[in-house]
Amino acid sequence: MEFDKAYDPQLIEPQWAECWVKTRIFTADPEAPGSRFCIVVPPPNVTGSLHMGHMMDHSVIDTATRWHRMRGDNTLFLPGVDHAGIATQMLVARSLAQEGISWKQLGREEFEKRVWVWKEKFGSRITEQMKRIGDSCDWSRERFTLSPELSRAVTEAFVRLYESGLIYRGSYMVNWCPGCQTAISDLEVKHEDVNGHLWHIRYPVKDSSLYLVVATTRPETMLGDTAVAVNPRDERYLDLHGKTVILPLMNREIPIILDELADPEFGTGVVKVTPAHDPNDLEAGKRHNLPHVKVIDESARMTAAAGVYAGLDRFEARKRVVADLERLGLMEKIEPHVLPLAKCDRSGDIVEPLVSTQWFVKAKPLAEKSMQAVNTGAIQFIPENWNKTFFHWMENIRDWCISRQLWWGHRIPAWHCGACKEITVARQGPTLCAHCGSTEIEQDADVLDTWFSSSLWPFSTLGWPDDTIDLRTYYPTTLMITGFDILFFWVARMIMMGLELTGDVPFRVVHMHGLVRDAEKKKMSKTKGNVIDPIDINERYGTDAVRLSLLIAVAPGTDISYTEDRAGSAQKYANKIWNAARLIAMNMERSGVAPCIPEPGKPEMLEDRWIFSLLNRTAETMNRAFEQHRYHEAADALWHFFWHDFCDWYLEIKKLRLTENSGLTNDWRNLLSVFGAFLRLQHPLMPFITEELWHRFGQAASIAREPYPQATEFDESAEREMAILQEVVTAARTLRADHQIDKKEQLSGVLYCRDGARSIESGVVEKLANVKLDVRSDAAPKLEGAVRSTAEFDLLLRLPEVDVSGQRAKLEREIQGLEKLIADKDRQLTNEKFLSGAPPAVIDSLREKRREYDAQLEKAQAALASMR
């Protein structure tokens, strides 16, 4: 077997990624035996590329999938991408603008053609990245939300919901994004507190010298006021009931209405009412039959109804309105005010509340079914604390605005009649109005919200609405793994749609993992400049290392603070696996053993009995952790087993027993079978290096199709005996290190054994510790010098003649230096001013250094004590 000295993941990972796709080894067979496992990938945007959130998501999903496949489950990992309506339209429109082409002037049909051309050219980028990172998907079933079969499913869903009375069209206040030029849902709006102002404006009472003072954060909207409101219980304004005020700047007479909208405890107790630009004002307007005066349009510019301010940008209009009010003496005062600003999550534009005619889904009936599914355990959230969040949102849910004023997306299957003004909703484009028979019909211009098609993803991808074998076999899907940030965007909507349209839940378990944040626990964003590109990290450290670094940190309910140090540590672990394999291969060649992973031999030696017992315990831990979605525990357990048990002890002992030209001895059988079992345990977490080594050790089939190790029996007696042997070796090594004796210099000593230690193989101890021992079973006398004592043994090492006084002085200086360093760190860590201002990563680093110095001090003090 040829092994490079250094492990280079770039030499093996691309070839295995390509091989897995070409050989189609992950193609699912719905007629195959076994318990079924199905998971659909959360479809990334066709416009995008992988980010660290994707990398974590896909690492967890692929690990779970590979484990289920190796466990013998009939496994389907179904990939696909989302057409990303708003993002794609913005990207192509921007590209056209660079060519000097206006997408609006281009026309809908031609624009759609341009988007499809772009999709064919660039839309496979994220899919290729998914293949490169080793996603074990069934690529023959790859789906796209705008493909013909999924588009048919979207149309069928819309028609069924419409026929059930769950979809309707109406004029309501929506979140309008001036940049995207479309309505967006509440979930697509992000709120941030900003420093603004509260303007107090005087509204003169008609035929009076009085005026009412109204406070507002948006003075430009006053141009559309159609009333001012006071609370009916507010005694300050009883004499004004039934009167009117003159709207400043517009000189329009508007009524003073009595409404609970006005809070007597807030400000002056008087509020302006602008039904066209505020959702609360809209409801008050309905109660009092007030007119709607729209003064801001869809491009965030002032309308003709704004009078002399028409055509101005809304914020320029604000400056003019404020200046004019001050000039007229109608500005009472201006004071600083912190206000929540609503922005489009996609474009970053400030959202404008506008009354618009849109299509809506009645959410309450769907939410009730969804809550029942979680209540009865038909769907389980992991961690369980997400139940409370889910219920809170579902109990307060509002109707879902599903129409978007875009050209890229699923066109709403509704036709408007120019004759009778009725609407025909149909699966196929009608030629006549279903109500009056007129041919004067035109399809609705809007498209459906991208989340509408994505909400069908678990079943539309399996062939719904047809009764396909995939749908019968793999639906409901088994598991959904995703970040908590799209619980409401996507997970809740999939549950609502799945229950309504299929009669069953879309998945049995939802694992909500945290987010990947930077070293200072801040959310990653391009604006902040703290984004980590996983493709770059993968190329530097290897995909396996990056996967492992994420998995070992993905504890349920917590976010990950990611640094390259994590990838660096995982890379060292990958190197350790490679070097161990290389060492084994070199010894196999020396012993005349052909590449193989045989069945285990008889566990005759203590180290064999011990390692098989620990292997079983590790397999038990791994399987239980995967079942409970505690991937960090699985990763940590296997890391410890391989590095500390297999490499540090088992392999070191076995090297002592492997002889030249021995052939496939019992020792070799045990060593190779344990290493093979380790590779199978490790494969779901680190698929590339394990696949490579599996084949290098003579295996023809993919390790991904091998059985996952299961726990059998434990040998507690062997574990106790081995623990004593390890204690003796560690004691000898520690004494040597404490007294600064070269590792190559053989020492002599006496080992006084009590009951448990009498059976240990002293020859192994001597070779591992490089010490010649006089092993005795009698009680130890009073010992002085280089001594270690435990409940099982007393160890005395005879040290060579050394300058003890010089060593003692050196240790004393070392202790003094460490005590000073610890005191310095303590001063920093108890300084409240420093702690409140320093980044968390800096504080964590200081605490870690403090722990390291503490450990070094304890070791130095113990060494000094032994010299005395």
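The values are calculated or read from the model by the stated rules, or taken from the named source; none is laboratory data. Keep in mind that this is a model prediction, so the values were computed, not measured. Glycine also receives a Cβ, built like all others from the backbone with ideal geometry; neighbour counts cover every protein chain displayed. Accessible surface areas use protein heavy atoms only, side chains included; no ligands, DNA or RNA. Shrake-Rupley method; radii C 1.70, N 1.55, O 1.52, S 1.80 Å.
Some observations on this one:
- Contact map, region 174-194: first residue open to solvent by less than 30 Å² (accessible area, probe 1.4 Å), second residue of a type in the set (Phe, Trp, Tyr) and assigned to a strand (DSSP E or B), Cβ cut-off under 6 Å, separation 6 or more or different chains; pairs are Ala183/Trp176.
- For region 529-585, a tally of residues being in contact with a Leu (Cβ under 6 Å, 6 or more places away or on another chain) and not in a helix (DSSP H, G or I) returns 1.
- Considering only residues in region 256-270 that are part of a strand (DSSP E or B) and touching a helix residue (DSSP H, G or I) at 6+ places or on another chain (Cβ under 8 Å), the one that is surrounded by the most Cβ atoms within 10 Å (Cβ to Cβ) turns out to be Val270.
- Within the span defined as region 452-463, one or more residues are under 32 Å from the mean Cα position of the chain (by Cα), open to solvent by 20 Å² or more (accessible area, probe 1.4 Å) and at pLDDT 95 or above.
- Residue in region 23-36 that is part of a helix (DSSP H, G or I), of a type in the set (D, E, K, R) and either at negative phi or open to solvent by less than 10 Å² (accessible area, probe 1.4 Å) (or both) present: no
- Residue check for Thr65: over 20 Å from Leu462 (Cα atoms) and hydroxyl-bearing (Ser, Thr, Tyr): no
- Checking every residue in region 565-582 against the condition of being acidic (Asp, Glu), touching a residue at least 40 places away in the same chain (Cβ under 8 Å) and open to solvent by 10 Å² or more (accessible area, probe 1.4 Å) gives zero matches.
- Residue within region 278-294 that is assigned to a strand (DSSP E or B) and either among the aliphatic types (A, V, I, L, M) or open to solvent by less than 40 Å² (accessible area, probe 1.4 Å) (or both) present: no
- So Met371, is it surrounded by 14 or more Cβ atoms within 10 Å (Cβ to Cβ), within 41 Å of the chain's Cα centre (by Cα) and over 30 Å from Trp116 (Cβ atoms): yes
- For beta carbons closer than 7 Å, sequence separation of 6+ or different chains, a first residue in region 46-74 that is within 24 Å of Trp118 (Cβ to Cβ) and a second that is assigned to a helix (DSSP H, G or I) and hydrophobic (A, V, I, L, M, F, W, C), the qualifying pairs are Thr47/Ala87; Thr47/Leu91; Gly48/Ile126; Ser49/Ile126; Leu50/Ile126; Leu50/Ile535.
- Residues in region 375-424 that are among the β-branched types (Val, Ile, Thr) and either closer than 19 Å to Met497 by Cα or open to solvent by 30 Å² or more (accessible area, probe 1.4 Å) (or both): Thr376, Ile379, Thr389, Ile397, Ile402, Ile412, Ile423.
- Only one of the numbered conditions (1) open to solvent by 10 Å² or more (accessible area, probe 1.4 Å); (2) out of contact with any helix residue (DSSP H, G or I) (no Cβ under 9 Å at 6 or more places or on another chain) is violated by Arg427, and that is (2).
- Within region 89-173, helices (runs of 4 or more DSSP H) holding 2 or more residues that are basic (Lys, Arg) and surrounded by fewer than 19 Cβ atoms within 10 Å (Cβ to Cβ): 108-122, 125-132, 148-163
- Residue in region 233-254 that is among the β-branched types (Val, Ile, Thr), in contact with a Leu (Cβ under 6 Å, 6 or more places away or on another chain) and at pLDDT below 95 present: no
- Considering region 805-834, and only residues there that are loosely packed, with under 13 Cβ neighbours inside 10 Å and aliphatic (A, V, I, L, M), the residue that is nearest to Leu864 (Cα to Cα) turns out to be Ala809.
- When we screen Ala779, Ala809 for residues that are in contact with a strand residue (DSSP E or B) (Cβ under 8 Å, 6 or more places away or on another chain) and more than 19 Å from Val729 (Cα to Cα), the only hit is Ala779.
- Residues that are of a type in the set (Ser, Thr, Tyr), farther than 16 Å from Leu606 by Cα, surrounded by fewer than 18 Cβ atoms within 10 Å (Cβ to Cβ) and touching a residue at least 12 places away in the same chain (Cβ under 8 Å) occur at least once in region 737-752.
- Listed by position, the helices (runs of 4 or more DSSP H) inside region 396-490 whose residues that are aliphatic (A, V, I, L, M) number at least 1 are 469-474.
- Arg508 meets all of the listed conditions (1) surrounded by fewer than 18 Cβ atoms within 10 Å (Cβ to Cβ); (2) in a helix (DSSP H, G or I) but one, namely (2).
- Within this structure, Trp610 fails the test of being touching a residue at least 40 places away in the same chain (Cβ under 8 Å), within 30 Å of the chain's Cα centre (by Cα) and more than 20 Å from Ala704 (Cβ to Cβ).
- Filtering region 691-725 to residues that are assigned to a helix (DSSP H, G or I), farther than 18 Å from Ile577 by Cα and among the charged types (D, E, K, R) leaves Arg705, Glu716, Glu719, Arg720, Glu721.
- Qualifying residue in region 208-218 (condition: of a type in the set (Val, Ile, Thr), over 30 Å from Arg398 (Cα atoms), over 48 Å from the mean Cα position of the chain (by Cα) and open to solvent by 10 Å² or more (accessible area, probe 1.4 Å)): yes
- Trp20 being touching a Pro at 6+ places or on another chain (Cβ under 6 Å) and part of a helix (DSSP H, G or I): no
- Verdict on Ser299 being of a type in the set (Ser, Thr, Tyr), open to solvent by 60 Å² or more (accessible area, probe 1.4 Å) and in contact (Cβ under 8 Å) with a residue 24 or more places away in the chain: yes
- Residue within region 75-96 that is of a type in the set (S, T, N, Q) and under 22 Å from Ser147 (Cβ atoms) present: yes
- Residues of region 314-355 that are out of contact with any helix residue (DSSP H, G or I) (no Cβ under 9 Å at 6 or more places or on another chain), open to solvent by 20 Å² or more (accessible area, probe 1.4 Å) and in a strand (DSSP E or B): Glu332, Lys333, Glu335, Pro336, His337, Val338, Leu339, Pro340, Leu341, Ala342, Lys343.
- Residues of region 75-102 that are in contact (Cβ under 8 Å) with a residue 24 or more places away in the chain and either under 19 Å from Ile25 (Cβ atoms) or over 29 Å from the mean Cα position of the chain (by Cα) (or both): Thr75, Leu76, Phe77, Leu78, Pro79.
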